[in-house]
1. Within the stretch 10-31, which residues are in a loop (DSSP other than H, G, I, E, B) and surrounded by fewer than 16 Cβ atoms within 10 Å (Cβ to Cβ)?
2. Among the residues that make up the stretch 56-76, is at least one of them buried (at least 19 other Cβ atoms within 10 Å of the Cβ) and assigned to a strand (DSSP E or B)?
3. Could you count how many residues in the stretch 14-30 are under 11 Å from L49 (Cα atoms) and in contact with a helix residue (DSSP H, G or I) (Cβ under 9 Å, 6 or more places away or on another chain)?
4. Would you confirm whether or not the stretch 143-154 contains a residue that is touching a Phe, Trp or Tyr at 6+ places or on another chain (Cβ under 8 Å) and modelled with pLDDT under 95?
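The values are calculated or read from the model by the stated rules, or taken from the named source; none is laboratory data. Quick caveat: nothing in here was measured; it's all calculated off a predicted structure. Here the Cβ positions follow ideal geometry from the backbone for every residue, glycine too, while neighbour counts run over all protein chains shown.
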Amino acid sequence: MQKLYVIEDDENIRMLVLYALQTEFDAEGFSCGEDFFQAMRTQLPDLVLLDIMLPDGNGLSILKELRSAPKAADLPVILLTAKGSEFDRVSGLDSGADDYIVKPFSVLELVSRIKAVLRRNSHKSKESALTMGSVSLYPNQHAVKVLDEEVSLTHKEFQLLSFLMENKDIVMTRDRLMDQIWGIDFQGESRTVDMHIKTLRQKLGIGGDIIKTIRSVGYKAGD
């Protein structure tokens, strides 16, 4: 049974979520970040549900700390948030979240979204480096290098580059990229993809030319 950690300071919400998950997952709840990190030292979960507003800090700070730790860099995280603006959603996703759920939410939606994130992460390759032109991507280390110089990418930029490189020479529409990287229920616009591609190319420098624009369709990666 897959292990889930739920960090939520509202006891009523936390108990409701744990009750909803117990038939399909081994779920454990925490009211603060300190208790969560103490449990992380003992056992890594398969997925984390993380409330943005916590009594001992901001959930996004916890998320950033997870993404900076090699053992937790690829750990699936779903944000639980009362904030619903596109800016807040994009900020959370760019900080490394795999999905977000806006409160109040239905139990059925919660379980469905958890399963979707677990499916998306289950097939990711963690065996060896992907190399294309001057760009090398290392899934295990969550690292990217251009001509042996490491490049700092956000979590979503890394996922986007990884997906394109894993599907070399296959044209990906903007909608397909939105569904795969941001999740099928993300309510952003297709320009979100374009903006991330632009930033990704800039960060890769001379390696950015592996990302090809297919006019009126989308993008692909190739030598």
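1. If the condition is that a residue be in a loop (DSSP other than H, G, I, E, B) and surrounded by fewer than 16 Cβ atoms within 10 Å (Cβ to Cβ), then D10, Q22, T23, E24 are the ones that fit.
2. no
3. Going through the stretch 14-30, the residues under 11 Å from L49 (Cα atoms) turn out to be 14, 17-18, 27-30.
Still in the running and in contact with a helix residue (DSSP H, G or I) (Cβ under 9 Å, 6 or more places away or on another chain): 17, 27-30.
Of the residues in the stretch 14-30, 5 are under 11 Å from L49 (Cα atoms) and in contact with a helix residue (DSSP H, G or I) (Cβ under 9 Å, 6 or more places away or on another chain).
4. First, the residues of the stretch 143-154 that are touching a Phe, Trp or Tyr at 6+ places or on another chain (Cβ under 8 Å): 144-145.
This time we only want the ones that are modelled with pLDDT under 95, so: 144-145.
There is at least one residue in the stretch 143-154 that is touching a Phe, Trp or Tyr at 6+ places or on another chain (Cβ under 8 Å) and modelled with pLDDT under 95.
Yes or no, residue by residue, for (1) surrounded by fewer than 17 Cβ atoms within 10 Å (Cβ to Cβ); (2) farther than 27 Å from S68 by Cβ:
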| position | (1), (2) |
| --- | --- |
| S152 | yes, no |
| Q159 | no, no |
| R174 | no, yes |
| Q180 | yes, no |
| I197 | no, no |
| G207 | no, no |
